[in-house]
Amino acid sequence: MTFPNTQFFTPLLLAVALAAPGFAAQAQSFCASDGQPRPVQLMERFINADCDTCWTDAATPVPESHAVALDWVLPSRQGDDAPLSAVATRDALTRLEALGQGVPAESKTISHAVKGIKGAALRVAHGLPVADYLGASIELKPLSPAARQSMTAWLALVETLPAGVEGSPVERNLVRNVLSRNWDGRKRLSKDEQNRLFESRSMNIAPAANPDRLRVVGWVEDERGRVLLAAQSRCIAP
């Protein structure tokens, strides 16, 4: 499978700086979850790289309203000879392991209801590509003493592909890169950490990814793997 590629455009601002809302007016575009509806469900669609027909399957599950879907392509034993090897990532294996799931022979869909954290909000943001990298951030705040617990924050860099690309019957958020961070809210925290969880990174862009279609999806899980909050970025012209 071959996905479209375009030449990287000239960056106007280092992406990590866009973690602060005040930078929006200085950039050509601003990409964050600000003002976006909060997802009530996170759907994860896993496809084995061996299964090219899984990508074009007319029965592909579709997320409900106010939900967000992620598409993970798993490496196969065929390696580069697998039909979907060009978009497979080992991050997909890491994610399946975190979910306690085995690698499907063809495909598997897992859906999570978003539980919520009273009084808290999750924010994700990213900037413009800089060479082969894109800066992104995830932030959870405020956190009351009662809400502090062991959590894991996940941030996925996705390429949003419209329905019809390579014969897909649905829009897909193809996972291109992932970061995760374990956070123990029960340990002694610094003053800054006491009311928020924040992480920012420069994330590598896959060579075949179209930078114009990149955005981020983030979520936070508790120790039992339950999704507490989720958010996705949208790019808005200033």
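The values are calculated or read from the model by the stated rules, or taken from the named source; none is laboratory data. None of the values given here were measured: they were computed from a predicted structure. Here the Cβ is made from the backbone with ideal geometry for all residues, glycine too, and neighbour counts use every protein chain on show.
Before moving on, here are some points about what is shown:
- Residue selected from the stretch 144-161 under the condition within 23 Å of VAL178 (Cβ to Cβ) and in contact with a helix residue (DSSP H, G or I) (Cβ under 9 Å, 6 or more places away or on another chain), by the criterion surrounded by the most Cβ atoms within 10 Å (Cβ to Cβ): ALA156
- Selected residue (criterion: farthest from PHE30 (Cα to Cα)) from residues of the stretch 220-238 that are surrounded by 17 or more Cβ atoms within 10 Å (Cβ to Cβ) and either touching a Phe, Trp or Tyr at 6+ places or on another chain (Cβ under 6 Å) or of a type in the set (Ser, Thr, Tyr) (or both): VAL227
- 3 or more residues out of contact with any Ser or Thr (no Cβ under 8 Å at 6 or more places or on another chain): qualifying strands (runs of 3 or more DSSP E) within the stretch 107-167: 107-113, 133-141, 150-161
- If the condition is being among the β-branched types (Val, Ile, Thr) and either closer than 20 Å to VAL178 by Cβ or within 16 Å of the chain's Cα centre (by Cα) (or both), then the stretch 55-81 contributes VAL68, VAL73.
- Filter pass, SER137 being touching a residue at least 60 places away in the same chain (Cβ under 8 Å), closer than 17 Å to SER233 by Cα, touching a strand residue (DSSP E or B) at 6+ places or on another chain (Cβ under 9 Å) and of a type in the set (Ser, Thr, Tyr): yes
- In the stretch 15-27 there is no residue that is modelled with pLDDT of 95 or more, surrounded by 13 or more Cβ atoms within 10 Å (Cβ to Cβ) and hydrophobic (A, V, I, L, M, F, W, C).
- For GLU193: the one exception among (1) farther than 17 Å from THR94 by Cβ; (2) modelled with pLDDT of 85 or more: (2)
- Selection of the stretch 204-219 for residues being surrounded by 24 or more Cβ atoms within 10 Å (Cβ to Cβ) and hydrophobic (A, V, I, L, M, F, W, C) yields ALA209, LEU214, VAL216, VAL217, TRP219.
- Here the stretch 90-116 is the region considered, the condition is being more than 16 Å from the chain's Cα centre (by Cα) and of a type in the set (Lys, Arg), and the residue that is nearest to ALA49 (Cα to Cα) is LYS108.
- Considering THR94, THR89, the condition of being over 22 Å from ARG234 (Cα atoms) and either surrounded by fewer than 17 Cβ atoms within 10 Å (Cβ to Cβ) or touching a His at 6+ places or on another chain (Cβ under 6 Å) (or both) is satisfied by THR94 alone.
- Within the stretch 91-114, residues that are in contact (Cβ under 8 Å) with a residue 24 or more places away in the chain reach partners that are of a type in the set (Gly, Ala, Ser) and part of a loop (DSSP other than H, G, I, E, B) with beta carbons closer than 7 Å, at six or more positions or on different chains, in the pairs LEU99/GLY225.
- Filter result for GLY119 (surrounded by fewer than 16 Cβ atoms within 10 Å (Cβ to Cβ), on the phi > 0 side of the Ramachandran plot and more than 18 Å from the chain's Cα centre (by Cα)): yes
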